[in-house]
Amino acid sequence: MPEPLIEINAEDAESLGIEDGDLVHITSDLGSLTMKALVKEPEAILKGVVQVPHGFDKGNVSELIPDQPRDQISGFPALKSVPVSLKKVT
């Protein structure tokens, strides 16, 4: 993958007016990112869930994830459970 792409369920994308390749603004309580959408069939990604890749300088998903641990026992960060909102960039 040459650039970060937010993976989104096709039904969710349609309800938000997002098409494959559109720029999407992703916002969490901590920060925001803008990246292109990769619309996936419903069997490939659950409705209401998005996948944001890691390992990119531009589009660094760490800007959306809080540093403090979420799990009080393990201290594991909220890597897979950060609520976000999406908006198509016009």
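Numbers below:
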quantity	calculated
Yes/no for L30 being over 24 Å from P2 (Cα atoms) and not polar (S, T, N, Q)	yes
Close pairs from region 4-32: first closer than 21 Å to H54 by Cβ and free of Cβ contacts under 8 Å to residues at least 60 places away in the same chain, partner surrounded by fewer than 20 Cβ atoms within 10 Å (Cβ to Cβ) and among the acidic types (D, E), Cβ under 8 Å, at least 6 apart	L30/E63; G31/E63; S32/E63
Some residue of region 71-90 being surrounded by fewer than 16 Cβ atoms within 10 Å (Cβ to Cβ), of a type in the set (K, R), assigned to a loop (DSSP other than H, G, I, E, B) and under 11 Å from the mean Cα position of the chain (by Cα)	yes
Residue list for region 45-70, filter: part of a helix (DSSP H, G or I) and either over 24 Å from D22 (Cβ atoms) or touching a residue at least 12 places away in the same chain (Cβ under 8 Å) (or both)	V61, E63
Qualifying residue in region 29-41 (condition: of a type in the set (A, V, I, L, M, F, W, C) and out of contact with any Asp or Glu (no Cβ under 9 Å at 6 or more places or on another chain))	no
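Yes/no per residue for (1) polar (S, T, N, Q); (2) at pLDDT 95 or above; (3) touching a Gly at 6+ places or on another chain (Cβ under 6 Å):
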| residue | (1), (2), (3) |
| --- | --- |
| M1 | no, no, no |
| I18 | no, yes, no |
| G31 | no, no, no |
| Q51 | yes, no, no |
| F56 | no, no, no |
| L64 | no, no, yes |
| I73 | no, no, no |
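The values are calculated or read from the model by the stated rules, or taken from the named source; none is laboratory data. Nothing here was measured: the structure is a model prediction, and the numbers come from that model. Glycine gets a Cβ as well: all are built from the backbone with ideal geometry, and neighbour counts include every protein chain shown.
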